[in-house]
Amino acid sequence: MANWWHWNPAEGTSEGGFAVIGVGRFGTAVCRELCDAGRDVLAIDNNQRAVDELRQVDPSIQARVVDCTDEEALREAGVLDVSTVVVAMSEPIEASVTATLIAKDSEGSRVRQVIARATSDLHMKMLQRVGADRVVFPSKMQGKRLGMELVRPNLLDRLRLDDRNAIEEIRVPESFVGQSLRELNMRKNFDVSVLAAGPDNALKVNPPATQVLQAGELLVVMGTTTDLAKLPGR
């Protein structure tokens, strides 16, 4: 075991570390999005081939083979030391339900949020019964989008313009509340343009520099995906 990657619980929790259980197409997409955003992510699967394929896709992702239905194995791997666990596998159903229960209910678990993937309404109800905070259906939410939302919880919608640029609708970040657009000077400080701002039902297009942002309001911004990703995520 000497060559296993050592997960540092302090690092994982301080930045809201993530663990992804199950690295099929959906789980791999979540992992890549989190890693691209510079977040700590621990990927596990009980299949060596799946782990090897993930490493080939992105060698920077820390991945290991672990039985996700074994509480002590998950604890030793460091899964119970992160703040968010994504149970990305869908089958077998018993395994996804067990992994969710372990993450939420194990003694000493530091996991604050479990997001689990379901394949049916019954599966969703089972996951909710054992404590899943959120259940997603791959047909409705792809892994890349989920990873994006985990990194930036205030992101509501994104319109891709081309390979580099996008328009995003976000909730006003906490650090922006009470400041005017002039004070924030987002074009200078973040290299993004503000297209609209204001309450949900009263957005003001091309808002004046004097407009002061309030908690819960919306911002519609445009820029490169790289610059947009630098905006505060909460």
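Check whether at least one residue in the stretch 120-143 is surrounded by 13 or more Cβ atoms within 10 Å (Cβ to Cβ) and over 30 Å from Leu80 (Cβ atoms), and report yes or no.
Checked the stretch 120-143: no residue is surrounded by 13 or more Cβ atoms within 10 Å (Cβ to Cβ) and over 30 Å from Leu80 (Cβ atoms).
Taking the stretch 98-118, which residues are touching a residue at least 24 places away in the same chain (Cβ under 8 Å), more than 19 Å from Cys31 (Cβ to Cβ) and not hydrophobic (A, V, I, L, M, F, W, C)?
Thr98, Lys104, Asp105, Ser106, Gly108, Ser109, Arg110, Arg112
Given Val111, Val30, Val65, which one is within 30 Å of Thr226 (Cβ to Cβ) and either touching a Cys at 6+ places or on another chain (Cβ under 6 Å) or of a type in the set (Val, Ile, Thr) (or both)?
Testing whether each residue is within 30 Å of Thr226 (Cβ to Cβ) and either touching a Cys at 6+ places or on another chain (Cβ under 6 Å) or of a type in the set (Val, Ile, Thr) (or both) leaves just Val30.
Do you know which residues across the stretch 77-101 are assigned to a helix (DSSP H, G or I) and either among the aliphatic types (A, V, I, L, M) or surrounded by fewer than 21 Cβ atoms within 10 Å (Cβ to Cβ) (or both)?
Within the stretch 77-101, Ala77, Val79, Leu80, Ile93, Glu94, Ala95, Val97, Thr98, Ala99, Leu101 meet the criteria.
Can you name every residue in the stretch 217-230 that is part of a loop (DSSP other than H, G, I, E, B) and in contact with a strand residue (DSSP E or B) (Cβ under 7 Å, 6 or more places away or on another chain)?
Glu217 - this is the single residue of the stretch 217-230 that is part of a loop (DSSP other than H, G, I, E, B) and in contact with a strand residue (DSSP E or B) (Cβ under 7 Å, 6 or more places away or on another chain).
Please count how many residues of the stretch 78-97 are farther than 16 Å from Gly131 by Cα, aliphatic (A, V, I, L, M) and without any contact (Cβ under 8 Å) to a residue 40 or more places away in the chain.
Within the stretch 78-97, residues that are farther than 16 Å from Gly131 by Cα, aliphatic (A, V, I, L, M) and without any contact (Cβ under 8 Å) to a residue 40 or more places away in the chain number 0.
Test Arg145 against the stated conditions and say whether it is within 22 Å of the chain's Cα centre (by Cα) and in the same structural domain as Ser90 (by TED's automatic domain parsing). Working first, answer last.
Working: within 22 Å of the chain's Cα centre (by Cα): yes; in the same structural domain as Ser90 (by TED's automatic domain parsing): yes.
Judged against the criteria, Arg145 is a match.
In the set Val66, Val114, Val79, which member is more than 18 Å from Leu150 (Cβ to Cβ) and not charged (D, E, K, R)?
When all the criteria are applied, what remains is Val66.
Return the total of residues in the stretch 175-216 being closer than 18 Å to Ala229 by Cβ and assigned to a loop (DSSP other than H, G, I, E, B).
3
Going by the conditions given, is Cys31 crowded, with 23+ Cβ neighbours inside 10 Å, among the hydrophobic types (A, V, I, L, M, F, W, C) and assigned to a helix (DSSP H, G or I)?
Against the criterion (crowded, with 23+ Cβ neighbours inside 10 Å, among the hydrophobic types (A, V, I, L, M, F, W, C) and assigned to a helix (DSSP H, G or I)), Cys31 qualifies.
Among the residues of the stretch 102-119, write down those that are loosely packed, with under 15 Cβ neighbours inside 10 Å and outside any loop (DSSP other than H, G, I, E, B).
Correct list: Asp105 only.
The values are calculated or read from the model by the stated rules, or taken from the named source; none is laboratory data. Since the structure is predicted, the reported quantities are computational estimates derived from the model, not experimental observations. Quick reminder, even Gly has a Cβ in these numbers, built from the backbone with ideal geometry, and neighbours come from all protein chains shown.
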